[in-house]
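The values are calculated or read from the model by the stated rules, or taken from the named source; none is laboratory data. This one's a predicted model, so the numbers in the text were calculated from it and none came from an experiment. Every residue, glycine as well, gets a Cβ built from its backbone with ideal geometry; the counts of neighbours run over all protein chains shown.
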Amino acid sequence: MTSPAASPFDLPELPADNPFRSLSPLPYALENFEAIRPEHYGPALDAAMARLRATLASVIASPDAPTFDNTLLPLEIDGAAFARVSGVLNIVDSSHQTPEVREVTVEYEPKMAAIHTELSLSPELLQRVEAILESPALDGEQRRVAEMYRDDLRSSGAGLGPAERARLQEIASELSSLGVTYSANLVDASKAADFWVSDVADLDGLSESRIGAARAAAEASDPERFAREGGYLLEIRGLSNLPEVRELTNRAMRERVYLAANSRCVEPNLEIACREAALRAEMAKLLGHESYHALFTSVRTAKTPAAVAAVLQALTPPAVATAEVELAAIREAAARDGIEQVEAWDISFYTERLKAERFNLDFAALRQYFELTNVVERGIFFAAEKLYGLTFVPRPELHGYLPDVKVWEVFDGSPGTPNEGMALFVADFFSRDTKRPGAWMNAFRFANSSLAMRPVVINNCNYVKPTGDDPCLLTLQDVRTLFHEFGHALHGLLARSTYRKTCAFEVPWDFIEFPSQVNEMWALWPEVLENYALHVETGEILPQATVDAIEASRLWGLGLATCHQLTNNAVDIGWHSLPRTGGSASGAPTTPAEAVAFERDLVLAAGIPFPHLSERRMSASYTHIFAGGYSGGYYTYLWSETFDADTVAWYKSNGGLTRENGDRYRALILGIAATRDPLDAYREFRGRDVAVEPLLERNGFLVA
C-alpha cells in the first residue's frame, strides 16, 4: 500500500529509489539530477499518465453539474506530476541525449502524445467545459482557463464523431514518433558530419579560442590519430550560418563546412518531412480547415493565413530590393578575389568582410570585448536589474544534469516585495555531441499559485567550450542570441498565474517570440554595453568609435537576412498549405527529390529570386517545423517582430532603460502570462493596436 501524495507532483506508488516518487527537497524543487537515471523515467511516466487518465475518467463520469472545481481544477492538479516528469525528460533529451535517454524518448513520446490527444479529443469534457462557461460564478482567470480548454478541445476535434477522433489520435501518435526520429537523425548526422583538418593554415580567419577548441575536439575524438599527426576537428552542430562559414578565409574550407552542415539526413529526414506534411494536411481536413497553416493561425493572434501573408508581403519587396544591392556589392568584392560565381557559402563571409571594410570593424578583435561571463552577469543580468529590480546570485552548490550547467537564484526587488528569492535561472551554454543544435529556452516549471510553485527556467546555447583557462569569447551575433533567449527566460521568471493552463508559455504561439525579441534591444544599449563590453585582457570599455561603427553597420546585410527569414517562412507555409488530398498529382512532394524541387519552387513563388540561398535541403534539418512546435507557424518570428519593433519604439520615446518603463512592460506584458487575451493586453500597454511601420522603418525598408 502506498502512502498518499504530499504534493500533486509526488508519485508515491513508485519504488523508494525513484527520485520522481516525491518532489525534490532541493531549493525551488530543482530536480536532483545526480539521482535520476534513464530507467526512472518510464515508470514515473506510466504512473503519472495513469493518474491523469483516471482523473479524466472520473471527471467525465461525474453525475454532478459541471463546475470549475469539479472539472478543470482536478485536471490542473492531477496533471502536475505528468507535466513534471515529461518536462524533465524533454529538457534532458534536448540537452544531453545519451543513447539511454533517446531510447526512453522514442518509446514514450508516442505514449505522451496519446494522452495529450485523449484529453484534447474528449467530447464529454468539451460538453462540461461549455456548460461551465455558462456560469456567472467564474472569476476572470477561471473564465480564461475554461475558454482556453474549450478552444483547444474544439480545434483538436473533440466535437467530431468517433471515427474522426480515432483517426486524429493515430495521426498525433505517428507525428510524435516521426518528430523524435527526425531529431535523433539530425543529432547522429551532425556527429557524422564532423571532419578532420590537418593544416592549421586552413583555419585562417577563426579565432584562437575556436582553433584551440577544434584542437581539443580532435584529441578527444581520436587520441591515437591526434598523437601521431596532430590536427583539428571541425564539429558541425549548427545550420547553414555557422561561424566557420562567416570567418574562414579558405573558400574551399567554407564550402566544405557549408555542404557538411546542409547535407545531413537528406534521404531519411526528407522522407519524414513528406510524411509529416501529408499527415498534417489530413488532420486539417478532418478539422474543417483548408490547410494546416490555416488551422494553426485560427487559434493564434494572426487568426488567418491572409493576415500572415499581409505582413510577409509588406516585407518582401523592400527586403528583396535591399538584398539585390547587397548582393551586387558581394559579387564585386568576391570578383576582386577572383570568384566569378558567388555561392551560398560566400554570402555571410563577404557580408561580414564588407561590414568590416565599410564601417572599419574588426570582428575578430570585437570578440575580445564579449566574454561570456561578462555578457551574462554584467549584461543581461544588469539590464534585468535596471528594468525589473531583479538580482541574480550564483548557487554553485546546486547542480544541473551536467557539471557545465550553472544555476543562479533570482531575487525580486520590485516595489512591495522584501527582495526575496523568487526563482532559479539555469544556463547550459556549451555544445556537446549529445545536444541538439541552436539556442532555446525551456522551463522545469512556471510560477503557479494553485500548486505553490516558483519558476525554474533554463537557457540553452551551443557555444564552443574553451580549453583550459581560456575565456569563452562571443561574436556580436552570439551576444544578441543570449539577450534573445534571456528574453524568453524573463517571460518565464516574471509571469504569474493561478493555474498551469494560464502559465507564461500558454500564450498564443505567434506571440511567444515577442518578449525575447524585445530583450535584444538592450544588447547595444549604451548603459548596458559599457557595463559588460570589457576587453578580456585590459578591461578597457569597447571604444565609442567601435560602437558607432556597429550601429552604422546595423542595416548592412539586413536585406539578405530578412530574405533568409522569408525563405524559411515560404518553405514552412508551403509544406503546411498543401491541398487536402495528398500525392504528387496534387503538388505535394512524396520523395526526397520532389521535396528539394518543392522547396526551390516555394521560395521563387514567394518573390525571393535567390534560389542559391535556399538550395540547402533545409527541410532535412528544419527542426522548428518537423521536430518542434513551429509547424505551420514559423511566421511567428517575423509576426512577433512587428510587436517587438513597435515596443522598442515605445521604449525609446519614453526614456529607454528605466524602472518605470520596465515595471509597465512587466505588469501588462510579461507578468500576465496567459491570464488575458494578449492583443487586449498589448492594446492597453501601447494605447493602440500594433503597427507594422516601426518594423519597416527600423529595417530601413521604408527608404528602400
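See the values below:
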| quantity | calculated |
| --- | --- |
| Matching residues in segment 358-379 - criterion: being assigned to a loop (DSSP other than H, G, I, E, B) and at pLDDT 95 or above | 370 |
| Check on residue 252, of a type in the set (Gly, Ala, Ser), surrounded by 19 or more Cβ atoms within 10 Å (Cβ to Cβ) and either closer than 21 Å to residue 345 by Cβ or in contact (Cβ under 8 Å) with a residue 60 or more places away in the chain (or both) | no |
| Some residue of segment 646-660 being more than 26 Å from residue 310 (Cα to Cα), surrounded by 19 or more Cβ atoms within 10 Å (Cβ to Cβ), in contact with a Phe, Trp or Tyr (Cβ under 6 Å, 6 or more places away or on another chain) and not aromatic (Phe, Trp, Tyr) | no |
| Only listed residue being modelled with pLDDT of 95 or more, out of contact with any strand residue (DSSP E or B) (no Cβ under 8 Å at 6 or more places or on another chain) and at negative phi, chosen from 247, 164 | 164 |
| Segment 158-177, subset among the hydrophobic types (A, V, I, L, M, F, W, C) and assigned to a loop (DSSP other than H, G, I, E, B), residue surrounded by the fewest Cβ atoms within 10 Å (Cβ to Cβ) | 160 |
| Qualifying residue in segment 297-309 (condition: at pLDDT 95 or above, closer than 30 Å to residue 348 by Cβ and over 21 Å from the mean Cα position of the chain (by Cα)) | yes |
| Residue 219 being modelled with pLDDT of 90 or more and either touching a His at 6+ places or on another chain (Cβ under 7 Å) or surrounded by fewer than 19 Cβ atoms within 10 Å (Cβ to Cβ) (or both) | yes |
| Single match in 322, 316, 297, 391 (criterion: in contact with an Asp or Glu (Cβ under 7 Å, 6 or more places away or on another chain), in contact (Cβ under 8 Å) with a residue 12 or more places away in the chain and of a type outside the set (A, V, I, L, M)) | 391 |
| Flag for residue 282 being in contact with a helix residue (DSSP H, G or I) (Cβ under 7 Å, 6 or more places away or on another chain), in a helix (DSSP H, G or I), touching a residue at least 12 places away in the same chain (Cβ under 8 Å) and within 26 Å of residue 185 (Cβ to Cβ) | yes |
| Number of the exception - residue 629 against (1) surrounded by fewer than 17 Cβ atoms within 10 Å (Cβ to Cβ); (2) modelled with pLDDT of 95 or more; (3) of a type in the set (Gly, Ala, Ser) | (2) |
| Segment 575-587, residues that are modelled with pLDDT under 95, touching a helix residue (DSSP H, G or I) at 6+ places or on another chain (Cβ under 8 Å) and in a helix (DSSP H, G or I) | 584 |
| Hits in segment 664-673 - residues which are closer than 24 Å to residue 303 by Cβ and assigned to a helix (DSSP H, G or I) | 668, 669, 670 |
| Yes/no for residue 382 being in contact with a helix residue (DSSP H, G or I) (Cβ under 6 Å, 6 or more places away or on another chain) and in a strand (DSSP E or B) | no |
| Candidate set from segment 316-345 (those that are acidic (Asp, Glu) and surrounded by fewer than 18 Cβ atoms within 10 Å (Cβ to Cβ)); member that is modelled with the lowest pLDDT | 343 |
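Residue-wise test of (1) at pLDDT below 95; (2) closer than 29 Å to residue 381 by Cβ; (3) assigned to a helix (DSSP H, G or I).
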position: 649; (1), (2), (3): no, yes, yes
position: 657; (1), (2), (3): no, yes, no
position: 662; (1), (2), (3): no, yes, yes
position: 675; (1), (2), (3): no, yes, no
position: 701; (1), (2), (3): yes, no, no
